[in-house]
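Okay, structure first, notes after.
A short reminder: the numbers here are calculations on the coordinates, not readings from a lab. From a predicted model like this one, the values you see are computed outputs, not experimental measurements.
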Amino acid sequence: MPELPEVETVVRGLRPALEGKRLTRVELRRPDLRFPFPEGFADRLTGRTVTEVVRRAKYILIRLDNRETWLAHLGMSGRFTVIPGATASSGQAGHNSGWALAEKHDHVLVEAADGGRVIYNDTRRFGFMDLIAPDGEAASPHLRALGPEPLSAEFSPDYLAGALRGKRTPIKAALLDQRVVAGIGNIYACEALWRAGISPRRSAHTVAGGRAARLVGAVRDVLAEAIEAGGSSLRDYVQTDGELGYFQHRWAVYDRAGEACAKCVEAGIEDCRIARIVQSGRSTFYCSRQQR
């Protein structure tokens, strides 16, 4: 599932295509994704002007001039493709030659007044879309329980220590709890814990003081670096221009079971290998020598 850096990369790709643009045509190629589309979804978007495209956790929020919000979640395999206006009207092959040539899993097709197009494709259909009523984001069931953004000032060592106080779950599980901090998924939790030198097995309530400070710094750093790299392309994820992300080439522990840990190599430890365990049904990768 795309995590915060991948969704942020998609948002940055959608902004120039949608912000300030009037939506002149919206077509649904099926009645549902993971859930049915809201009643009148296409008609309610058509004619509206997009005022802002932002990210909240792993959600894409496309705010409209009538103060409604078009919410999208990519699920496992959802992806947006942007075709700029000049290209969309050029009559080139593929998507550019018209709606009739939409691919099998192109489920939502949007055209703006400048001729630009945004296409949502989702092979597995685990993604979904919704329309939030004017000024209703804070009360939305998708958004109301989310914790702070990990790149915001609110996500501080003091906040994290307080949020973890009394939690007896492993710290890895706590990082994946969207009520504690929004948007962190499996890949970046593993990477941040390795950078911070904290075992994924450690009880969350013991992460305070210096540990909390190291972890907050590691989370910020790994997410910022992943965003700069366009995210991690794993299975279906691509950017809005079709390019792959490349942060997967910089993973230190994720999906590297049996390989040497870079910190151990630097320290001259020769018999160290990255381990894989399963926590809450998800693979966790870590170095038992470096992470305590």
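Annotation for the range 8-61 versus the range 177-220: alpha-carbon center distance of 32 Å. Axis of helix 209-228 versus longest Cα principal axis of the chain: the two differ by about 40°, to the nearest ten degrees.
Restricting to DSSP H runs of at least four residues, report the calculated mean residue ellipticity at 222 nm for the chain, -39500 (n - 2.57) per run over all residues, nearest 500 deg cm²/dmol.
Working: 8 runs with 75 residues, N = 292.
Calculated mean residue ellipticity at 222 nm is -7500 deg cm²/dmol.
According to the calculation over all Cα-Cα pairs in the chain, the P(r) per 5 Å bin from zero is 1, 5, 11, 15, 16, 15, 12, 9, 7, 5, 3, 1, 0 %. Cross-chain or 8 or more residues apart, Cα under 25 Å: how many lysine pairs in the chain fit that? Count them up, please. Lysine pairs, 8 or more places apart or on different chains, close enough: 4. The C-alpha atoms of the chain define a longest principal axis, and helix 186-196 lies at about 40 degrees to it.
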